[in-house]
């Protein structure tokens, strides 16, 4: 891209240089013709004695005219060819810009697709674990402390195998957290009232065991204000798909390190990486991950122009973006992958 821009710059420079030099040639020939005219006048004044001088004056005039015609012809031909080269370079520039924009779109699509596949697995996890007998028994009789301890132990075993989670919570139907996977690390979670949390209310509204709820990226005070993507679903009587709702399972995906790995893992050359920023945006176009550490929640001026994916120029920066395509049964949350690259 920079090489093409340099070619355009050089071509324009040669055109200006040629125009300047040819203009100077025309100036010299005008002065020569003026000298020839003065010489002819002097030759005429001296009569027969000035005839030889008159011949020289005529020859200078003729040469000046020939040089002027040659300069004009050269200027026309040179300008035409330089304009052809300049247009060719401009066309190349546009083509390269389009190809680069399309590549940024592909990279943005790949980044958002990776997170979609990751979060699809989270939606499977929460629905599967909600049928675990230890969790079902825990909320079926939330006054039984032994069952609550066993449920917590079971959640701890799951967390040992699934390192992408901050914690897993079991809440009864009233919204009281009765079991957690990491009570030692997050002591404030146990007995917390989550009845007002959107993820809890959405889980209570699910129609069967195949449905789940998900909250946008947010901080969780009881998890030491960690940033999480929270998935939830109802725990149903006997673990049946259409059983009565007796509690809720909430799982807290450790968002920051996972998202950082995605935006910093976009496949770029070392040179590209120095002039590229990779981001994930939520449905409101707020930053939820950025390769340069932009604060979460910052508004981003994404220009959709009525398209789910595309690219555009903003000053000397090209922006490629792509809307979440979803994955399998996971429809996505309306998030966008965005790649910015300076020219």
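Can you tell me which residue among 293, 332, 326 is within 18 Å of residue 218 (Cα to Cα), surrounded by 13 or more Cβ atoms within 10 Å (Cβ to Cβ) and modelled with pLDDT under 90? If you could, list the steps in order and put the result at the bottom.
Working: 293 fails: surrounded by 13 or more Cβ atoms within 10 Å (Cβ to Cβ); 326 fails: within 18 Å of residue 218 (Cα to Cα).
Matching residue, one of 293, 332, 326: 332.
Only residues that are free of Cβ contacts under 8 Å to residues at least 12 places away in the same chain and part of a helix (DSSP H, G or I): list them for segment 227-273, please.
257, 261, 270, 271, 273
Tally the residues that are over 21 Å from residue 326 (Cβ atoms), touching a residue at least 40 places away in the same chain (Cβ under 8 Å) and in a strand (DSSP E or B), restricting the search to segment 274-310.
2
Any residue at all in segment 168-181 that is under 21 Å from residue 210 (Cα atoms), crowded, with 22+ Cβ neighbours inside 10 Å and either under 36 Å from the mean Cα position of the chain (by Cα) or not assigned by TED's automatic domain parsing to the domain that holds residue 245 (or both)?
Looking through segment 168-181, at least one residue is under 21 Å from residue 210 (Cα atoms), crowded, with 22+ Cβ neighbours inside 10 Å and either under 36 Å from the mean Cα position of the chain (by Cα) or not assigned by TED's automatic domain parsing to the domain that holds residue 245 (or both).
What number of residues within segment 85-131 are at pLDDT 95 or above and touching a helix residue (DSSP H, G or I) at 6+ places or on another chain (Cβ under 6 Å)?
1
List the number of the failed condition for residue 192; all other conditions in (1) within 23 Å of residue 133 (Cβ to Cβ); (2) surrounded by 15 or more Cβ atoms within 10 Å (Cβ to Cβ); (3) at pLDDT 95 or above hold.
Going through (1) within 23 Å of residue 133 (Cβ to Cβ); (2) surrounded by 15 or more Cβ atoms within 10 Å (Cβ to Cβ); (3) at pLDDT 95 or above one by one, residue 192 breaks only (1).
Residues 152, 161, 142: which one is buried (at least 17 other Cβ atoms within 10 Å of the Cβ) and modelled with pLDDT under 95?
On the way: 152 fails: modelled with pLDDT under 95; 161 fails: buried (at least 17 other Cβ atoms within 10 Å of the Cβ).
Within the list 152, 161, 142, the selection yields 142.
Determine which member of the set 301, 270, 325 is closer than 27 Å to residue 211 by Cα and out of contact with any strand residue (DSSP E or B) (no Cβ under 6 Å at 6 or more places or on another chain). Talk me through it step by step, then tell me what you get.
Values: 301 fails: closer than 27 Å to residue 211 by Cα; 270 fails: closer than 27 Å to residue 211 by Cα.
On inspection, the qualifying residue turns out to be 325.
Anything in segment 234-243 that is surrounded by fewer than 23 Cβ atoms within 10 Å (Cβ to Cβ) and closer than 24 Å to residue 190 by Cα? List them, or say none. Please lay out each step first, then the result.
Pass one, segment 234-243, residues surrounded by fewer than 23 Cβ atoms within 10 Å (Cβ to Cβ): 236-243.
Correct list: 236, 237, 238, 239.
The values are calculated or read from the model by the stated rules, or taken from the named source; none is laboratory data. Quantities reported herein were computed from a predicted structural model and do not represent experimental measurements. Heads up, the Cβs are rebuilt from the backbone with ideal geometry, glycines too, and the neighbour counts pull from every protein chain shown.
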